[in-house]
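Everything on this sheet refers to the single structure shown next.
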Amino acid sequence: MDGNKITYESIDAYISIFPPEVQEILTRLREVIKESAPGAEEKISYQMPTFALHGNLVHFAAYKNHIGFYPAASGIEAFKDELSRYKGAKGSVQFPIDKPLPYDLISRIVKYRVAENFRKAEGKLKKSK
């Protein structure tokens, strides 16, 4: 195991390691997610800032050239046309760090994921009765 691996205790600790201009982007992204998912729990998962509400909603992370946003495969699929201009994969999208983030789109994706998690939670409740 790598003894030099950094572990983060909080989203604040994660954001604090970046240069001020990146901290600004991450702080705004965090605010947008919190506004879009009231009641979501903040945590660190996979060493990334994570928001959870009836399960994980979204993760995000900063890299040298982009901000990674991870709304699960369903979040990417539901907004694939709008996300098509960005690099990405099945469950992730890369927003260039030198361009403004599409906060309105991010908000809509988070709200979609909240609704999706609520539907899944309700389905589990019905099955357990």
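The values are calculated or read from the model by the stated rules, or taken from the named source; none is laboratory data. A quick note: this is a predicted structure, and the numbers were derived from the prediction, not measured. Every residue, glycine as well, gets a Cβ built from its backbone with ideal geometry; the counts of neighbours run over all protein chains shown.
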Quick one: which strands (runs of 3 or more DSSP E) sit completely within the stretch 49-129 and have at least 1 residues that are of a type outside the set (D, E, K, R) and in contact with a Phe, Trp or Tyr (Cβ under 6 Å, 6 or more places away or on another chain)? 56-62, 66-70, 92-96
Going by the structure shown, is Ala37 touching a Phe, Trp or Tyr at 6+ places or on another chain (Cβ under 8 Å), buried (at least 20 other Cβ atoms within 10 Å of the Cβ), within 16 Å of Val114 (Cβ to Cβ) and of a type in the set (A, V, I, L, M, F, W, C)? yes
Taking into account only those residues within the stretch 84-95 that are more than 13 Å from Val58 (Cβ to Cβ) and either touching a Ser or Thr at 6+ places or on another chain (Cβ under 6 Å) or polar (S, T, N, Q) (or both), which is surrounded by the most Cβ atoms within 10 Å (Cβ to Cβ)? Gln94
Residue under question is Asp98, and the condition is that it be more than 12 Å from the chain's Cα centre (by Cα), farther than 16 Å from Val22 by Cβ and loosely packed, with under 15 Cβ neighbours inside 10 Å; does it hold? no
Do the conditions hold for Glu9, that is, is it part of a helix (DSSP H, G or I) and surrounded by fewer than 17 Cβ atoms within 10 Å (Cβ to Cβ)? no
Failed item in (1) in contact (Cβ under 8 Å) with a residue 60 or more places away in the chain; (2) over 15 Å from Ile11 (Cα atoms), with Pro38 passing the rest: (1)
Among the residues of the stretch 34-48, count how many are in contact with a Leu (Cβ under 8 Å, 6 or more places away or on another chain) and either modelled with pLDDT of 95 or more or part of a strand (DSSP E or B) (or both). 3
